[in-house]
Structures are given as structure tokens and as C-alpha cells.
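Structure first, then comments.
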Amino acid sequence: MGHSIGDHAYGECGIEFLLVDRSGPQQRVRRFRADVRLLMGHPEVYRDGDNTRLIPVSSISNSVLALGTQHTTSEPETYAFAIAEHFLTADRCVLTADVHLTSSEFTPLPSDRPTSTAQHFSALTRHQDHTHLTLPRHGEPVVRSSLLNMELFATGGATFTGFARNAYTTTQTLTDRVFGARMNVTWRHSGTDTNHGKCRARAEQAVVKAFSEHTSRSSQHTFHHLGTAVLDACPGVAEVRVEGAHLTRSLVDLASFGVGNEGRVYTAADHQQSTVTVSIHRT
């Protein structure tokens, strides 16, 4: 019985580095992680052990770093396109370049010192920016952008009522509960001429505003509400996916210590989470 080789790919993941922009009066520092996967057309490497056309993975990681010198001010989407186009141009065996880029912005620290060439930053960040680009040699690119690990919290006003019950349900009806969630908000662009920086800023503003003005009836209700807010704010977006977890925040019982706890101390253990996912499409 014969054999034939199907799709085959290789790549390098977990390429971590900093990009530092010193071009203006306000410097900028970002931490990046790059994952690169190349769908290839060299079956002889797998079938015959013939490495003649196999580029070592050191070339992948070094290419990402070298290209970074030209993209210290770029949005992740622009940088991802540069990486993908580099591999498609450099190696005819590459059929599709798949690039994930995740970045987190360092926060400038205030200083009373006179302006100098050195500025100081903190690595604390609210969320991570992410892009996923799939660029085929023949066909249209697919660009997805994300806000990763957004954590939102409301100190009250959320409800959870009228839900279905079965023999194993222990959940109580809640009419004024705190609400916590950690989520990834991802949107797919309908074209490639998007101003990604402005789109990302509008998406973040839309999520924050929608959450602050929203009365949650459930995690599902809230995630859908935030996704529609991004669609409404960003005309160039075709689809939004919101996925993450409802974070259970329960009052800590301190009665045995003779200490009252009227909405002040809540649990924050996240080892068990209730996951939610919803995709919203533009019609």
C-alpha cells in the first residue's frame, strides 16, 4: 500500500524580545513574543531526509529579530506583515506564513529629573496587544487583532436570575452581585488597508465604555454586549470573538474572627473558572 505526504509545516515559537523606540521625546518600550509557522512545499525533507531546501529554525528567529530593528514604532499587524512577506519572498518553498505577535507596553515612570537620553519604565500593563496573520502565497491574507487578558470588575449591580435548574444546581439567585471577568477580545478585519492603531484604540475604548455602562444579566450577556460594541465602533471589522472566564468573586466569611465583611474582602482564586465564548458577525 502506497503513501503520500499531506500538509507539512515547521516553525519557531516563543521568540521573546524587547523593542525600544528612542526616535521621539517620549521613548517607548514593548515586550514582544513571536510565534512563526511556515506551511511548506518540500516533501523530500520529511520523506527522504533530504535537507537541501530546509532552512534551520535559527534563521526564523534571527529574521524576526532583524526585522524588529525596522519596526520599533510599528503596530503589531504591520510588523507581522513584514515577517510573513519576508519568508514568502526569501523561500519559494513557503506556501503560507502564519505569524502570531503578542506585545505588552511598558509604562513610562514620572520623573523630576531633567530630560536625558535615558528614560525609565515599569512593566505593569493592563492587557496585551496581539495579532494573528495568515498570509498565503496565493490568496487573500487573514488578519485578526486582539486585546488579551483584559480583566474587568464591577463592585455590584450585576444580576443572575431566571436560569434553568436541574438536580445538581446549587447556584443561588443573585440580584446585586459583584462581577469579574478576564477575556480576550479578537476581531477579524474585512480588508488590509485598516489603520490598526486607531482600530485597536477604538476597540479598547468601546469595551471599557460598554462595560462601564452595562448591567450584566449573565457572563454570556456581558460578553455579547462587549463584542457588539467593538463592531459598532470599528467599521472595518467583520467579526468579533469574545472569549474568557467569569471570575467568581465571593465574600470572605470572617465571622469566626468576629470581623464583619460588608462588601470589602472578596476571594480572588482563579484555579476554577466558568468559561464563555461568543462570536458576533456583521450582517
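One residue stands out in segment 1-32 among those that are among the hydrophobic types (A, V, I, L, M, F, W, C) and more than 30 Å from Asp48 (Cβ to Cβ): the one that is farthest from the chain's Cα centre (by Cα), namely Val20.
Scanning segment 24-41 for residues that are farther than 18 Å from Gly68 by Cβ and either basic (Lys, Arg) or at pLDDT 95 or above (or both) yields Arg37, Leu38, Leu39, Met40, Gly41. Test Arg22 against the stated conditions and say whether it is of a type in the set (Lys, Arg) and open to solvent by less than 40 Å² (accessible area, probe 1.4 Å). No, not satisfied.
Considering only residues of segment 47-64 that are out of contact with any strand residue (DSSP E or B) (no Cβ under 6 Å at 6 or more places or on another chain) and part of a helix (DSSP H, G or I), which is surrounded by the most Cβ atoms within 10 Å (Cβ to Cβ)?
Filtering segment 47-64 down to residues out of contact with any strand residue (DSSP E or B) (no Cβ under 6 Å at 6 or more places or on another chain) leaves 47-56, 58-59, 62-63.
Those still in the list that are part of a helix (DSSP H, G or I) too: 47-48, 58-59, 62-63.
Values: Arg47: 12, Asp48: 9, Ser58: 9, Ser59: 13, Asn62: 13, Ser63: 20.
Among those residues, the one meeting the criterion is Ser63.
Taking the criterion of being in contact with a His (Cβ under 8 Å, 6 or more places away or on another chain) and of a type in the set (Lys, Arg), the only residue of segment 133-153 that qualifies is Arg144.
Considering only segment 46-60, state which residues are without any contact (Cβ under 8 Å) to a residue 24 or more places away in the chain and more than 11 Å from Tyr10 (Cα to Cα). First the steps, then the outcome.
Of the residues in segment 46-60, the ones without any contact (Cβ under 8 Å) to a residue 24 or more places away in the chain are 48-52, 54, 56, 58-59.
Residues satisfying the conditions are Asp48, Gly49, Asp50, Asn51, Thr52, Ser58, Ser59.
Looking across Glu85, Glu77, one residue alone is within 25 Å of the chain's Cα centre (by Cα), among the charged types (D, E, K, R), at pLDDT 95 or above and open to solvent by 30 Å² or more (accessible area, probe 1.4 Å). It is Glu85.
Is there a residue being in contact with a His (Cβ under 7 Å, 6 or more places away or on another chain), at pLDDT 95 or above, among the aliphatic types (A, V, I, L, M) and closer than 26 Å to Ala84 by Cβ anywhere in segment 191-208? For segment 191-208, residues in contact with a His (Cβ under 7 Å, 6 or more places away or on another chain), at pLDDT 95 or above, among the aliphatic types (A, V, I, L, M) and closer than 26 Å to Ala84 by Cβ: absent.
Pairs meeting the criteria (first residue in segment 172-183 and more than 15 Å from His214 (Cα to Cα), second residue aliphatic (A, V, I, L, M) and open to solvent by 20 Å² or more (accessible area, probe 1.4 Å), beta carbons under 9 Å, at least 6 apart or on different chains) are Arg182/Leu152; Met183/Leu148; Met183/Leu152.
The values are calculated or read from the model by the stated rules, or taken from the named source; none is laboratory data. Keep in mind the model is a prediction, meaning the values are calculated, not measured. We place every Cβ from the backbone using ideal geometry, glycine too, and count neighbours over all the protein chains shown. Areas reflect the complete protein model, heavy atoms only, side chains present, ligands, DNA and RNA absent. Shrake-Rupley method; radii C 1.70, N 1.55, O 1.52, S 1.80 Å.
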